[in-house]
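Below: the structure, in structure tokens.
The values are calculated or read from the model by the stated rules, or taken from the named source; none is laboratory data. Every value quoted in this text rests on a predicted model; they were computed, and no experiment measured them. Positions of Cβ are backbone-derived with ideal geometry, glycine not excepted, and every protein chain shown enters the neighbour counts.
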Amino acid sequence: MATKKGFKENIRKKAIELGASLVNFAPAARWEEYNEVAPAYRPKTIWGKVELSILRAGDHIVAAEDLYGGTYRLFERVYREHGITLTYADGRVPEALSEAIRPETKIVWIETPTNPLLQLVDIEAVAALCRDRDILLVVDSTFATPYLQKPLVLDADVVVHSTTKYINGHSDVVGGAVITSDRELFNTMAFYQNAAGAVPGPFDCWLTLRGIKTLAVRMKAHQENTMAIARYLWSHPFVESVSYPGLSDHPQHELERRQMSGFGGMVSFCIRGGNERRTRSLRI
Ligand SMILES: Cc1ncc(COP(=O)(O)O)c(C=O)c1O
């Protein structure tokens, strides 16, 4: 990874020049132009492809414990079968992730904001502890999108997105993307992708490029709507708690302001009372 630093520097410069949104996810034709490298993958296989191309039996992953269920399933039901071990720690506390690191740790995997609890992980702090130990930091930035968060600028090594959601935005494609600024890592993943065959169809790519053109306007509208819903829930007598990074009482509101340029369109909440009450209140 001798060229990694220069490569990242270049991306930072381009980011400043461009003033923003193309850094992590650019239309395919522009990826090379901006020195960004981003193999796109078929859905559901993306996470596996990032990691299986990098990891071997005996390697170890540290993952933040609030995770999309499908990622957890992949870790627990597939990776463990392949001899890869995992430790989960509270992603809100970088020291907890640091303590979980072992000599054989190759990857720290975080999601921010997380699914389902909308917790945030301090990307820059975790990147610093990974850099010291030559560990790759992978960030699932699906909930934030490249419009609101740029993990590579914050020194992450790899960013993954489900393009099924905001990036495509029309509910007519399932897909994903893996983005890195490390040329050597890119070559490893691209080789694996070519050899293993996880390649998206041209029409899906075309639909996704159509969708990304409206990402900015859609994200602004999602945010406005979500803020209104979060406030409504917050004041509702049946609701015990609301987790939305845009609410000033979110415990990581300050981190959100530092690392994201907006709050996003996802909110989670807990309903007061026991299970019965919860089930009844869900009957719409
Ligand atoms: C944070 C996060 N990452 C990844 C995924 C996986 O996306 P896909 O359904 O495109 O495989 C999801 C799906 O809900 C998600 O919420």
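Some observations on this one:
- All of (1) surrounded by 15 or more Cβ atoms within 10 Å (Cβ to Cβ); (2) of a type in the set (Asp, Glu); (3) closer than 28 Å to ASP122 by Cα hold for ASP204 with one exception: (3).
- Whichever residue in region 91-110 is in a helix (DSSP H, G or I) and over 12 Å from ALA63 (Cβ atoms) and, among such residues, is farthest from the chain's Cα centre (by Cα): GLU99
- In region 114-153, the residues that are at negative phi and in contact with a His (Cβ under 8 Å, 6 or more places away or on another chain): ASP140, SER141, THR142, PRO146
- Only one of the listed residues (PHE191, PHE269) is closer than 21 Å to ASN115 by Cβ and either outside any loop (DSSP other than H, G, I, E, B) or modelled with pLDDT of 95 or more (or both). That residue is PHE269.
- Every condition in (1) modelled with pLDDT under 90; (2) closer than 17 Å to ASP66 by Cβ holds for GLU256 except the one numbered (1).
- For region 72-90, the set of residues classified as in a helix (DSSP H, G or I) and within 23 Å of CYS270 (Cα to Cα) consists of TYR72 only.
- Scanning region 61-73 for residues that are under 21 Å from ARG102 (Cα atoms) and free of Cβ contacts under 8 Å to residues at least 40 places away in the same chain yields GLU65, TYR72.
- Subset of region 168-179 that is modelled with pLDDT of 95 or more and more than 10 Å from the ligand (Cβ to nearest atom) - its residue that is surrounded by the most Cβ atoms within 10 Å (Cβ to Cβ): GLY169
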